[in-house]
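For reference, the structure discussed in these notes is given below.
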Amino acid sequence: MAAAFDVRVVELPPGGERASHGDEWRDALVVVDRGEIELDCVGGSRRRFGSGAVLWLGGLPLQALRNPGAERTVLVAVRRR
């Protein structure tokens, strides 16, 4: 039987940054499994979320994801197939 969900893990090292590409987060619930994540939006605003946060990033004007902390950040994204 095929799995009903796709799971993707994204890791950022301390101080690391990752560009956000188009609709990569479409239809996904994203959990900050470990560390902190800072969302950098195209308009210049930033928001920070810690371990345990559940995020919906689809449709946001994201420019980059940053790890502002001293430990590795682990994001787990889950979406239906």
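The values are calculated or read from the model by the stated rules, or taken from the named source; none is laboratory data. Fair warning: this is a prediction, and the values are worked out from it, not measured in the lab. Methodologically, a virtual Cβ is constructed for each residue, glycine included, from the backbone with ideal geometry; neighbour enumeration extends over all protein chains shown.
List of remarks:
- So Phe5, is it of a type in the set (Phe, Trp, Tyr) and surrounded by 13 or more Cβ atoms within 10 Å (Cβ to Cβ): no
- Number of positions in segment 1-14 that are within 13 Å of Ala64 (Cβ to Cβ) and either small (Gly, Ala, Ser) or at pLDDT below 95 (or both): 0
- Residues considered: Arg26, Arg72. Of these, the only one that is surrounded by fewer than 12 Cβ atoms within 10 Å (Cβ to Cβ), in contact with a strand residue (DSSP E or B) (Cβ under 9 Å, 6 or more places away or on another chain) and among the basic types (Lys, Arg) is Arg26.
- All positions within segment 43-69 that are out of contact with any Cys (no Cβ under 7 Å at 6 or more places or on another chain), modelled with pLDDT under 95 and surrounded by 15 or more Cβ atoms within 10 Å (Cβ to Cβ): Leu57, Gly58
- Conditions (1) surrounded by fewer than 15 Cβ atoms within 10 Å (Cβ to Cβ); (2) in a strand (DSSP E or B); number of the one not met by Asp40: (1)
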